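Chemist: Please read through the structure below; I'll follow up with questions.
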Amino acid sequence: MPNSVLEKTVWRQYHKDNNFREKLAEFTKIDIIDLIDDDKKLYAVLKSKLTKKELKLFAMDTAGINDENIKEEFEYSDSDLEKAKYKLYKKLKQDKTRLPFRQSSVEDFED
């Protein structure tokens, strides 16, 4: 799939490569082969499961943006950032968040 579809996403603001699929697999503990095949659909599910702030934090943190810059962006204290990251990564591991990323969840709704 051409990357042009996802060129203007929050993810691409912080990542040179469109590697959200790999990062999502890593943090949801789902094999990459089991994720929704279509990048656009997968990114739409990601956007629906995370708040805008969480999505931006996920993009920035996985891009290796240093914590000082992240704290400045969100106007967080050290403890605010620690709590936000904890909440984000915990959320990505919860079944109600992670299971819709699976290709089988899309197939359940198709005829």
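Chemist: If a residue must be at pLDDT below 95 and either more than 19 Å from residue 102 (Cβ to Cβ) or not in a helix (DSSP H, G or I) (or both), how many such residues does the stretch 37-60 contain?
Modeler: The number of residues fulfilling the criteria is 2.
Chemist: Same structure again: Show the residue pairs that are 6+ apart or on different chains and have beta-carbon atoms under 8 Å apart, the first residue being within the stretch 17-35 and farther than 17 Å from residue 59 by Cα, the second being among the small types (Gly, Ala, Ser).
Modeler: Listed pairs, sorted by first residue: 31/25; 32/25; 34/104; 35/25.
Chemist: Any idea which of 71, 41 is open to solvent by 40 Å² or more (accessible area, probe 1.4 Å) and either touching an Asp or Glu at 6+ places or on another chain (Cβ under 7 Å) or not β-branched (Val, Ile, Thr) (or both)?
Modeler: 41
Chemist: While we're here: For the stretch 58-95, enumerate the residues that are touching a Lys or Arg at 6+ places or on another chain (Cβ under 8 Å), among the hydroxyl-bearing types (Ser, Thr, Tyr) and closer than 26 Å to residue 29 by Cβ.
Modeler: The one that is touching a Lys or Arg at 6+ places or on another chain (Cβ under 8 Å), among the hydroxyl-bearing types (Ser, Thr, Tyr) and closer than 26 Å to residue 29 by Cβ: 62.
Chemist: So residue 59 ticks every box in (1) open to solvent by less than 50 Å² (accessible area, probe 1.4 Å); (2) out of contact with any Asp or Glu (no Cβ under 9 Å at 6 or more places or on another chain); (3) closer than 23 Å to residue 105 by Cα but one. Which box is left unticked?
Modeler: It fails just one condition, (3).
Chemist: I've got another one for you. Looking for something closer than 15 Å to residue 14 by Cβ, under 12 Å from the mean Cα position of the chain (by Cα) and in a helix (DSSP H, G or I) - is there at least one such residue anywhere in the stretch 80-95?
Modeler: Yes.
The values are calculated or read from the model by the stated rules, or taken from the named source; none is laboratory data. Computed from a predicted structure; not experimentally measured. Note that we place each Cβ from the backbone using ideal geometry, even for glycine, and neighbour counts take in every protein chain shown. What goes into the accessible areas is simple: the full protein's heavy atoms, side chains included, and nothing from ligands, DNA or RNA. Shrake-Rupley method; radii C 1.70, N 1.55, O 1.52, S 1.80 Å.
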